[in-house]
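Asker: Here you go, one structure.
The values are calculated or read from the model by the stated rules, or taken from the named source; none is laboratory data. These numbers come from a predicted model, not from an experiment. Don't worry about glycine lacking a Cβ; one is built from the backbone with ideal geometry, like all the others, and counts go over all protein chains shown. To get the accessible areas, we keep the full protein, side chains included, count just its heavy atoms, and leave off ligands, DNA and RNA. Shrake-Rupley method; radii C 1.70, N 1.55, O 1.52, S 1.80 Å.
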Amino acid sequence: MGFLRIRTTVDERPGRLAKLAAALAERGGNILGLSVQPDVDGTVDEFVAEIPASPEAVREALEAAGGRRVLVVPASAHELTDEPTRALLLATRVRAMPWRLPELMAELLRADDARWIYGESVSDLPDPTQLVVRVAEKRAVRLRRTELPFTMTEAARAAAFVRLAQPPVEQAGNERSLTLGDGTELDVRPLTGIYREAVRDLHDRCSPESRRFRYFTSMPALPPRVFDRLVDRSRGQSLVACFDGQVVAMANLMFTPDPGIAEMAFLVEDRWQGKGVGTALARMLVQIARDHGYAEVRATMLSDNARMRSLLVRLGATLAYTEDPGVVAAHLPVAGVAALL
């Protein structure tokens, strides 16, 4: 008895899958895996089965049960892994090593070969044993699989896999206006490397107390390595609020190793404090956290930072003392704040 990967196309009608399963059972087959994929001319049902019958006998049985274009190829025990788990593990690997995209995509689709192709020749190919997945205008990954043609569903999976390997694109919509209670308008933009000097100037203008509240020390200047960490999109998302071309506030949302939790912090120039800048930026950070799938935003602050404590409590945070009696932790549920956005 051996493992077989069996693929057949059927018309989308009730009971078709049951007939195919019954036909395999009549041949002594034990179905160990099943995938149902919509395609251009019906539904592609794919089975991994342990079955004593020969591939030809299996093909004849499925054709008699209404299957079309039946393909039967050998499979291995390695292919019995849970498909969603396998896909998630590959997604994690491609995010960490995007340069290995062709290799990992081949593993995802069980392709025989995958390689980069470049230039004007990047185009969709009519051969069903080849799949071209665009990565850029003149760059793509070409996959080959001789025994099983690629389906429309697999093409969609490959396109989604490519998006995982690509860096986040800055959208113009990320720039927004913020109107304060007194009518003053600030521009809020993602923090990028072009603001290095502007953020340095912000620190120069802030009082030692404001810097101490932000960093737990009156840091006179932001070290370059800290700024680089704040603009690293794989570690978090940061915003700057600008007035008349000058950065007057910075808000940082940093990803943490704790599942579902991100951490936020602010630095607002002294003359802009008490105007609602911090509250507005906090709401924006919570929106970003929600978009990234986080359930809670945490903030750690000195216990004498009354303004920050008041801000977070108004947003619905729960305060708790830490092992350090001079430090307070705020836990802000994303869902609660998001409902008010």
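Asker: Can you find, within region 132-165, the residue that is modelled with the highest pLDDT among those that are loosely packed, with under 12 Cβ neighbours inside 10 Å and assigned to a loop (DSSP other than H, G, I, E, B)?
Answerer: Thr146
Asker: Checking Asp270 against (1) in contact with a helix residue (DSSP H, G or I) (Cβ under 6 Å, 6 or more places away or on another chain); (2) buried (at least 16 other Cβ atoms within 10 Å of the Cβ): exactly one of these is not met. Which one?
Answerer: Failing condition for Asp270: (2).
Asker: Hey, another quick one. Filtering region 229-267 down to residues that are among the aliphatic types (A, V, I, L, M) and out of contact with any helix residue (DSSP H, G or I) (no Cβ under 7 Å at 6 or more places or on another chain), which residue is least open to solvent (accessible area, probe 1.4 Å)?
Answerer: So the residue we want is Leu230.
Asker: I'd like to verify a number: residues in region 95-109 that are in a helix (DSSP H, G or I) and either free of Cβ contacts under 8 Å to residues at least 12 places away in the same chain or surrounded by fewer than 18 Cβ atoms within 10 Å (Cβ to Cβ) (or both), how many?
Answerer: The total comes to 7.
Asker: Something else about it: Could you list all residues from region 28-48 that are buried (at least 17 other Cβ atoms within 10 Å of the Cβ) and more than 34 Å from the chain's Cα centre (by Cα)?
Answerer: Gly29
Asker: Within region 83-102, is even one residue at pLDDT 85 or above, among the hydroxyl-bearing types (Ser, Thr, Tyr) and farther than 30 Å from Ala23 by Cα?
Answerer: Within region 83-102, one or more residues are at pLDDT 85 or above, among the hydroxyl-bearing types (Ser, Thr, Tyr) and farther than 30 Å from Ala23 by Cα.
Asker: Let me ask something additional. Criterion first (within 30 Å of Val135 (Cα to Cα) and not charged (D, E, K, R)) does Leu101 satisfy it?
Answerer: yes
Asker: Okay, next question. Residue check: is Ile51 open to solvent by 40 Å² or more (accessible area, probe 1.4 Å) and among the aliphatic types (A, V, I, L, M)?
Answerer: No; evaluated as a whole, the condition is false for this residue.
Asker: Tally up the residues in region 56-71 that are at positive phi and open to solvent by 80 Å² or more (accessible area, probe 1.4 Å), please.
Answerer: 1
Asker: Name the residue that is farthest from Ala329 (Cα to Cα), counting only residues in region 209-228 that are open to solvent by 80 Å² or more (accessible area, probe 1.4 Å) and either modelled with pLDDT of 90 or more or polar (S, T, N, Q) (or both).
Answerer: The residue in question is Pro224.
Asker: Is it true that some residue in region 8-23 is in contact with a Lys or Arg (Cβ under 7 Å, 6 or more places away or on another chain), open to solvent by less than 80 Å² (accessible area, probe 1.4 Å), part of a helix (DSSP H, G or I) and at pLDDT 90 or above?
Answerer: no
Asker: Does Arg298 satisfy being under 19 Å from Tyr215 (Cα atoms), open to solvent by less than 60 Å² (accessible area, probe 1.4 Å) and not aliphatic (A, V, I, L, M)?
Answerer: Yes, satisfied.
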